[in-house]
Amino acid sequence: MLKNIPSILTPELLKVLMEMGHSDEIVLADGNFPRNAHPERVIRLDGHGIPEILDAILQFMPLDTYVEHPTILMKVMDGDPYVPEIWEEYRRIAAKHEELGARELPIDRFEFYERARKAYAVVTTSETALYANIILKKGVVK
């Protein structure tokens, strides 16, 4: 055991966060995320939602300040009237840890899947909110 590390950050996830370099990306995937969109590194955090994981990760991992959009969201499909309320929660969490906030960009679902395949790792969760998938681009510690 270590002190002051949220228990939701498993040893496997902490190792991945430490291994990641500047501009590497990690995906926090909701419960509906397809298996074929995963890279080789998959970390399962069953029973947890994305907001609590995001909050824990951003305590330690900075977002990239050298890009305009270090946070990528999955855009709502054309014609779908759904408004992802969880995005506002992500913005609040990012604002708590990042001076510049989330600075997010929604991208098309298939573009999101392609980007996820190239990510350093995917964290699978039990998140039930729709359009809850999020990609974080790691920054540098200053």
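Per residue, the chain exposes an accessible area of 55 Å² to a 1.4 Å probe, with every protein chain left in place. Between VAL123 and VAL27, LEU28, ALA29, ILE43, the built amide H atoms are under 5 Å apart, and every one of these is 5 or more places off in sequence or on another chain. Each of LEU28, ILE72, PRO62 was placed along the dipole of the chain (beta-carbon charges, centred on the mean Cα), and the one lying farthest toward the positive end is PRO62. Holding the Cα-Cα limit at 23 Å, pick out from LYS3/LYS137; LYS118/LYS142; LYS96/LYS137; LYS15/LYS118; LYS75/LYS137 the pairs that are longer than that. Where the Cα-Cα span goes over 23 Å, the pairs concerned are LYS3/LYS137; LYS118/LYS142. Can you tell me how segment 42-101 classifies by the Cα gyration tensor, rounded, prolate or oblate, using a/c under 1.5 as the rounded cut? Oblate shape, in that a/c is at least 1.5 and b/c is the bigger or equal ratio. A crude spin-label estimate for the pair LEU14 and LYS142, with each label 7 Å from Cα along the Cβ direction, gives 2.7 nm.
Given the DSSP H assignment, sum -39500 (n - 2.57) over each helix run of at least 4 residues in the chain and divide by its residue total; what's the result at 222 nm in deg cm²/dmol, nearest 500? That comes out to -8500 deg cm²/dmol.
Return the carbon/sulfur percentage of the accessible area of segment 21-126, one whole number, probe 1.4 Å, all protein chains in place. Please report the intermediate quantities before stating the final value.
Values: 2620 of 5510 Å².
Carbon and sulfur together cover 48 percent of it.
Report, for the chain, the % of DSSP beta bridges that are antiparallel, rounded to 5. Don't jump to the answer; show the numbers that get you there.
Values: 8 of 20 bridges.
Around 40 percent antiparallel, to the nearest 5.
The phi-based Karplus calculation (6.51 cos²θ - 1.76 cosθ + 1.60; θ = phi - 60°) puts the 3J(HN,Hα) values of segment 125-138 at 10, 9, 4, 9, 5, 6, 6, 9, 4, 8, 10, 10, 9, 6 Hz, whole numbers, x for Gly and Pro. For segment 25-142, the Kirkwood radius over C-alpha pairs fed into Stokes-Einstein at 4 °C and 1.567 mPa s yields D = 91 µm² per second.
The values are calculated or read from the model by the stated rules, or taken from the named source; none is laboratory data. Computed from a predicted model, the values in this text were never measured in an experiment. Cβ coordinates were reconstructed from backbone atoms using ideal geometry, including for glycine residues, and neighbour counts include every protein chain displayed. What goes into the accessible areas is simple: the full protein's heavy atoms, side chains included, and nothing from ligands, DNA or RNA. Shrake-Rupley method; radii C 1.70, N 1.55, O 1.52, S 1.80 Å.
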